[in-house]
Structures are given as structure tokens and as C-alpha cells.
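The values are calculated or read from the model by the stated rules, or taken from the named source; none is laboratory data. No experiment lies behind these values; they were computed from the predicted model shown. Glycine gets a Cβ as well: all are built from the backbone with ideal geometry, and neighbour counts include every protein chain shown. To get the accessible areas, we keep the full protein, side chains included, count just its heavy atoms, and leave off ligands, DNA and RNA. Shrake-Rupley method; radii C 1.70, N 1.55, O 1.52, S 1.80 Å.
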Amino acid sequence: MQSEALGTWLPVILVTVFNAGDTLGRLLQLSKPVERWIVTPVGEDILHPTTGEHIGNRRPRMKYSIVLPCVLRLAFYPLLLFCVNPLYIRSDALRIVIVLFFAMSSGWVFSCCFMLCPELCKEPK
């Protein structure tokens, strides 16, 4: 992939933008408003009937499902294919922005899954 303005540097810039965007997407989980969007379980804890000890979690119902952002990310794949062919998307800035948003969504969904997984699993006895 080559561009008129950036020449052969475009792939290097896109990889750098992807890595920076992925890191930024993972860091978005540190802010309080974002963590309430998806990874807030509504399920109940399972307690031992006599001791009241926490045994595990019922399968929590989520306020919003993590599946929706994963499915919405599929819209990026045709956009990324259009970025490869300069007939569809000629602007280097638009290519960089598309890769940046794809990377940010990738990092954000990845960290959401890792934050959600321990809440879905039973605790060891």
C-alpha cells in the first residue's frame, strides 16, 4: 500500500496508529463513566444457606451485552478493505482515522471481555 503524500511510510504509520489506538482503547476502561456502559452485572451472588459464605455468581444478566460492540466492529472490516484500494478511499487522513477507531474499539472490547470474565466464573472453593 502506497500513497502519494506519505509514500511507503503509510503502512508504518498505520501500524503505529493501530498500536497507539489499541492502548488508548484499553486505557478508556480506567474512566468511571465508561465502565458502567457494559460491564455492570445485574446478577445475584450465590450464598451458602447456613454460613452466608459467597459460593459463586448466578449467570449475570448484563445491562448491555458485550456482544453488540463485537458485532458492530464487523462494520470496520469492509472499511479496512476499502482503505487498501485507493479507488474507494483516497485520503490518507481518513485511512488513519478509520484504523485509529478500529484499534480503539479493539482495545476497549478486549479489556471489557477481560473485566467481565471473572464475574461470570464461579470462585474457587
Taking the condition of being more than 8 Å from the chain's Cα centre (by Cα) and open to solvent by 40 Å² or more (accessible area, probe 1.4 Å), how many residues in the stretch 91-112 meet it?
7
Identity of the residue in the stretch 1-47, touching a helix residue (DSSP H, G or I) at 6+ places or on another chain (Cβ under 8 Å) and charged (D, E, K, R), that ends up modelled with the highest pLDDT:
Asp22
Being closer than 21 Å to Gly25 by Cα, polar (S, T, N, Q) and modelled with pLDDT under 90: is that true of Ser91 here?
no
